[in-house]
């Protein structure tokens, strides 16, 4: 396949997964007219019609590698995306990052109100666990329960929520690269890893090499996020650019400088590819996603 | 047994369950020195050392009826209490009820800050699901997964979080008794029912009569809460009294008047007892708890 044909093939795969995720989210969220209607409409606003769906793409790519039934993978992909959406709604609130723009639209507390934003986040988190629990996701009941536990650990106080707490305390401080890593492995890395592992577990036990891949691209995702926040425009990102430095947040750019941050992302991309070496052609999508995550411009 | 001896026996049982719940929560929450330390200390502040532990008491009483292993029941009791604690932390925040006193102490966002309160609620919800997932709670794996699902449904947008959303929209409006019921079945009833059902499910399938009992006492709990808010003092309650009428919240007292609200609670207590008739002496604790919930003064 030529490079251009490969790109087109990857783009088509991404579009098809994104469309499927959108349709599954649409079906899994309560209808906007179902009571309490305002809450349900706001949950849909927070979740539908936007975002790159990086975590669902990773779940599908890992599921393909593991030979998983895609009707299972779409469930874990949507659960993880709901957790991600909840975290964005809460992070954007005035008491946290106080942001007004997300995915090119007003943030939820701006479009609705703060109380609704609080409840939307709460209810999206719950719905993610409900989805995981009510569908048969593994032939092995113990592995299915392990998927619930794994998602909980990934987004709890030693995962995503904990990373956010570290982030709050770090604002205004200079962190070393090791300290940044400690924060981001939790804040963004934990849920990205969960997406990969849960996707794979729909097919069977998650191979250890896939966990290494997930760890690398979780970090790479954040490094690139920091670079884009510093270098891209608000219009390109669909969220407020330049926010980190204005808010005094330590980032890979503030710790390493832009050039070394980009080089570090590149190193993580290579490591991610290396972790996939044993899988050969089966890991095509995961390789392409590592490239997409590091080379993206938005 | 004389009435006084029965009271003393019930009081001793309550104390022993409360102590056991406290010890299990203590063990299940991350240590206050474990990173991120501020978040973990705040999670403990929100959960430990206070409250009547009504939901855990119900779980233990239902577990006793079902012949469940108490080492299983303590897990579901603590998970439900963590969900309850998270809901209090979020409900007290300035964008919701904006309260400063809870269980006789400053509310979490007053003692810490709003961002921490947001994350504490988020992380306590997650930890509840983690607890339920990581312990063996049923001999039947499908029943265990059903317990995860049941907890999620109880606290999601068609349960507790949905009830809170209805409450927000109802402020300043006069609701009929049926509308109040619709709200409270979700806002407080769903989690109270979940406590009863999950406790029973640690022993086997939940008998339908127990669901009826749970529905009645869930409502009775809220009716009495409304009466106490109107009639008791802040010092007695350990939370701000008289808040409902000041905030223009529709309550059973505003809908029915104090005397009819008390009579309704009494009717629900009788119905709850009736639902237990088939269980004979095995339902002693559940009967005593129905009495406690309706006759309490705080």
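The values are calculated or read from the model by the stated rules, or taken from the named source; none is laboratory data. Keep in mind the model is a prediction, meaning the values are calculated, not measured. Counting neighbours? That spans all protein chains shown, and the Cβs are built from the backbone with ideal geometry, glycine included.
Of note:
- Residue match in region A:140-153 (condition: more than 10 Å from chain B (Cβ to nearest Cβ), free of Cβ contacts under 8 Å to residues at least 60 places away in the same chain, farther than 24 Å from residue A:241 by Cβ and over 18 Å from the mean Cα position of the chain (by Cα)): no
- If the condition is being surrounded by fewer than 24 Cβ atoms within 10 Å (Cβ to Cβ), touching a residue at least 60 places away in the same chain (Cβ under 8 Å), more than 17 Å from the chain's Cα centre (by Cα) and not in a loop (DSSP other than H, G, I, E, B), then region A:196-233 contributes only A:209.
- Yes/no for residue B:189 being buried (at least 21 other Cβ atoms within 10 Å of the Cβ), within 15 Å of the chain's Cα centre (by Cα) and facing another protein chain (nearest Cβ under 9 Å): no
- Residue match in region A:48-68 (condition: within 13 Å of chain B (Cβ to nearest Cβ) and in contact (Cβ under 8 Å) with a residue 24 or more places away in the chain): no
- The set of residues in region B:163-173 that are under 16 Å from the mean Cα position of the chain (by Cα) and facing another protein chain (nearest Cβ under 7 Å) contains only B:164.
- Residue in region B:1-13 that is modelled with pLDDT of 95 or more, surrounded by fewer than 21 Cβ atoms within 10 Å (Cβ to Cβ), more than 15 Å from the chain's Cα centre (by Cα) and within 21 Å of residue B:214 (Cβ to Cβ) present: yes
- Of the residues B:261, B:241, B:272, B:190, the single one that is touching a residue at least 40 places away in the same chain (Cβ under 8 Å) and either closer than 28 Å to residue B:100 by Cα or assigned to a helix (DSSP H, G or I) (or both) is B:272.
- Yes/no for residue A:137 being more than 9 Å from chain B (Cβ to nearest Cβ), surrounded by 22 or more Cβ atoms within 10 Å (Cβ to Cβ) and in contact with a helix residue (DSSP H, G or I) (Cβ under 9 Å, 6 or more places away or on another chain): yes
- Within region A:109-131, the set of residues being more than 8 Å from chain B (Cβ to nearest Cβ), within 16 Å of residue B:149 (Cα to Cα) and in contact (Cβ under 8 Å) with a residue 60 or more places away in the chain comprises A:124, A:131.
- Residues in region B:157-167 include none that are in a loop (DSSP other than H, G, I, E, B), at pLDDT 95 or above and surrounded by fewer than 19 Cβ atoms within 10 Å (Cβ to Cβ).
- Here the helices (runs of 4 or more DSSP H) wholly within region A:39-130 that include at least 3 residues being under 19 Å from residue A:163 (Cα atoms) and in contact with a helix residue (DSSP H, G or I) (Cβ under 7 Å, 6 or more places away or on another chain) are A:70-91.
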